[in-house]
Amino acid sequence: MKILVCISNVPDTTTKIKLVNNNSGYDKTGVQWIINPWDELALTRALLLKEEQGSPITEISVINVGTKDTEPTLRKALAVGADDAIRVDAEAKDAYYVAAQIAEVVKNNGYDIVLCGIESSDYNGSAVGGMLSELLDVPSVSSVSGLFIEDGKVKLNREIDGGTQVLATETPFVAIVQKGIALDPRIPAMRGIMMARKKPLVVLPPADIEALTEYIDYEMPQAKSACKMIDEDNAGDMIRLLHEEAKAI
Amino acid sequence: MANIQYNPPDHYLVDDLLSDEHKIVRDATRDWVNRSVKPIIEEYFEKAEFPRHLVKELGEMGAFGPFIPSQYGGADMDYISYGLIMQELERGDSGIRSMASVQTSLVMYPIWSYGTEEQKLKFLPRLATGELIGCFGLTEPNHGSDPGSMKTRIKDMGDHYLLNGAKMWITNSTIADVGIVWAKDDEGVVRGLIVEKGMKGFTAPETHGKWSLRASITGEMVFEDVIIPKENILPGVKGLKGPLSCLSSARYGIAWGVIGAAMDCFDAAVRYSQERTQFGKPTGGFQLQQKKLAEALTEITKAQLLAWRLGTLRNEGKSTPAQVSMAKRNNVEIALNIAREMRQVLGAMGITNDYPMMRHSMNLESVITYEGTHDVHLLITGAEITGIQAYK
């Protein structure tokens, strides 16, 4: 059984974003790049499944649609424990473009389980996983917080309002995972980093696919206004300020 | 997914000088520190207790002996990777970095460099995983900067040696399974030997009352007619060159490590100076606060470049002990100054354990003295310039 984990290369979550080029992009100088946190948890779960005694998982691959700059992120995935990596050599233009590129690779390689993070922490589109399953015409399960293989059968947990839904599905399928799929992302060990040197990182040319949307402009959120403290003896001021300044009442 | 805020300063884009692998090594160690050290370290420091459970994690991560060949349990890494691991560990705490420094540079390094194949296979893999803890005995109660005058002796008894003497200020001595001890033989030549836990006549009392490296164990090693099997001698080196080469490796790690402590203090101070408001504006908007922050960033940047260049030279086999001395001395000094200045940026809040400055300051008071004092390192540079040794 082969697992493919889709990896998005995103700025570290503490990065301060500065817009450039008439707000059409952001300054990437000095940005620390990481594996999208949800994808990292998906990879961790895949590794745990493979390490289970008698596990049917034979191979874990990771894939990213991106330029050469994203290779360190794939190398990290290899260091954590993925067996091989694939980079589709193209700018990730939009969600459809990424999903369609990954779909081409999946069709050619026959993965049994495809894992996607529920969203990426940069653009938060939450679209690639769903599009991918549609393009592949395979089942998809969203908001997956548990993935188990028992007697060769796949079971998935989804968190629902007030409880957990348990689903079964046939392979191949796409699971769109959220927090809970693994407790903590696995940190690569030095020996893993060393072994990653020899693991394959295959670069594929992109398929001839057109993006459906175009990013043209970004806006930074408005700065939060300062907090006004009101003395407890003058509680009436709060009503006045809410009325006159905030115009909330 | 660590939710600890940290914006590491990199004003000269030193990251661009690192390979992808270096960055993965650095980030992995940083993530581990965020997960396993940051949340607990203030408590252990306050209790003056070594977080011993971290030894296994450090071993699993590969923080012990990263540059040792993989056939002995290492990771075949270069010296910049080693330096980056030290930097990130010391951002957590100098005591945690000391644990990894001692294990790597003062225990694994001499066994790897001067030991027999049997010694390497017996000890190195288990030191790499943390199954065994090591310590290093050179300094004596009356011989610190002058180790050549050591009193500890081994006497050749035919089929074994008899070890007598005492060592002081030994990290991990009370919990160590293996000690690399330096002693003079019957001819007065310094030799390295492996002392193992449980050997009769070997005791290791703990040193209490430290106001520094409180999350690290320090103790003595006392030897009274300890029988040392001949196969426990390190055959590959004679003279002070042995321990001094170990110290060069450890000092190299310190030159990187203390940058982590400085970066941690700087990062906390920058964030505080933007959040704390006085006279209607952030304290970071006042010139005297900016002076402190700007000087700190300048010194961190210089230290980063010094460490990177030294690492490159070390990878090429070209670094000299005098170059290591300069980097250790400079970087510890700036880190200590930055810890003190950044504490001031926080005003009164800086003295609490909500922030790392006081702990780093207290730790760095040890680091500026151990592994060659601040003054002796200056005199090593002086000797390099003039050819005259002023420390004798």
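Here, each number is a calculation from the coordinates, and none is a lab measurement. Keep in mind it's a predicted model, so treat the numbers as computed, not measured. As a convention, Cβ positions derive from the backbone with ideal geometry for all residues, glycine included, and neighbour counts pool all protein chains shown.
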Just need a number here: residues in the stretch A:11-44 that are of a type in the set (A, V, I, L, M), more than 12 Å from chain B (Cβ to nearest Cβ) and either more than 16 Å from the chain's Cα centre (by Cα) or more than 18 Å from A:Asp184 (Cα to Cα) (or both).
3
In the stretch A:163-205, residues that are within 14 Å of chain B (Cβ to nearest Cβ) and over 19 Å from A:Ala82 (Cα atoms) total 3
The lone condition A:Pro72 fails out of (1) surrounded by fewer than 24 Cβ atoms within 10 Å (Cβ to Cβ); (2) under 17 Å from A:Ala175 (Cβ atoms); (3) within 14 Å of chain B (Cβ to nearest Cβ) is (2)
Failed condition for B:Arg97, given (1) under 15 Å from the mean Cα position of the chain (by Cα); (2) in a helix (DSSP H, G or I); (3) within 13 Å of chain A (Cβ to nearest Cβ), with all others met?
(3)
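For B:Ser319, state whether it is in contact with a Lys or Arg (Cβ under 8 Å, 6 or more places away or on another chain) and buried (at least 19 other Cβ atoms within 10 Å of the Cβ).
no
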If you scan the stretch A:142-179, which residues turn out to be of a type in the set (Gly, Ala, Ser) and touching a residue at least 60 places away in the same chain (Cβ under 8 Å)?
A:Gly152, A:Ala175
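Which strands (runs of 3 or more DSSP E) does the stretch A:78-176 wholly contain that include 2 or more residues that are out of contact with any His (no Cβ under 8 Å at 6 or more places or on another chain) and under 17 Å from A:Trp38 (Cβ atoms)?
On the way: elements: A:84-89, A:113-117, A:140-150, A:153-160, A:163-169.
The qualifying strands (runs of 3 or more DSSP E) are A:113-117, A:140-150, A:153-160.
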Kindly establish whether B:Leu58 is more than 10 Å from chain A (Cβ to nearest Cβ), closer than 19 Å to A:Val31 by Cβ, of a type outside the set (Lys, Arg) and touching a residue at least 60 places away in the same chain (Cβ under 8 Å).
no
Of the residues in the stretch B:4-29 that are under 21 Å from the mean Cα position of the chain (by Cα) and among the β-branched types (Val, Ile, Thr), the one that is nearest to the other protein chains (Cβ to nearest Cβ) is B:Val25
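Tell me, which strands (runs of 3 or more DSSP E) wholly within the stretch B:145-221 include 1 or more residues that are aromatic (Phe, Trp, Tyr) and buried (at least 19 other Cβ atoms within 10 Å of the Cβ)? Spell out the reasoning first.
On the way: elements: B:153-156, B:160-171, B:178-184, B:190-196.
Result: B:160-171, B:178-184.
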Looking at B:Ile80, B:Ile111 in this structure, which one is in contact with a His (Cβ under 9 Å, 6 or more places away or on another chain) and in contact (Cβ under 8 Å) with a residue 24 or more places away in the chain?
B:Ile80
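Given A:Pro188, A:Pro206, A:Pro221, which one is without any contact (Cβ under 8 Å) to a residue 40 or more places away in the chain and in a loop (DSSP other than H, G, I, E, B)?
On the way: A:Pro188 fails: without any contact (Cβ under 8 Å) to a residue 40 or more places away in the chain; A:Pro206 fails: without any contact (Cβ under 8 Å) to a residue 40 or more places away in the chain.
The unique qualifying residue is A:Pro221.
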Going by the conditions given, is B:Ala48 away from chain A (no Cβ under 13 Å) and either under 24 Å from B:Arg214 (Cα atoms) or not small (Gly, Ala, Ser) (or both)?
yes
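Restricting to the stretch B:324-338, name every residue that is more than 17 Å from the chain's Cα centre (by Cα) and buried (at least 21 other Cβ atoms within 10 Å of the Cβ). Working first, answer last.
Looking only at the stretch B:324-338, we keep the residues that are more than 17 Å from the chain's Cα centre (by Cα), and these are B:337-338.
Listed by number, the list holds a single entry, B:Ile338.
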Residue check, B:Gly73 within 14 Å of chain A (Cβ to nearest Cβ), in contact with a Phe, Trp or Tyr (Cβ under 7 Å, 6 or more places away or on another chain), more than 30 Å from B:Asp354 (Cα to Cα) and not hydrophobic (A, V, I, L, M, F, W, C):
no
With criteria (1) more than 9 Å from chain B (Cβ to nearest Cβ); (2) within 25 Å of A:Thr14 (Cβ to Cβ); (3) of a type in the set (A, V, I, L, M), A:Ala79 comes up short on (1)
Specify the residue that is farthest from the other protein chains (Cβ to nearest Cβ); the eligible residues are those in the stretch B:30-45 that are out of contact with any helix residue (DSSP H, G or I) (no Cβ under 7 Å at 6 or more places or on another chain) and either under 23 Å from B:Ala296 (Cβ atoms) or surrounded by 15 or more Cβ atoms within 10 Å (Cβ to Cβ) (or both).
B:Tyr44
Restricting attention to the stretch A:124-135, does a residue exist that is among the β-branched types (Val, Ile, Thr) and away from chain B (no Cβ under 14 Å)?
yes
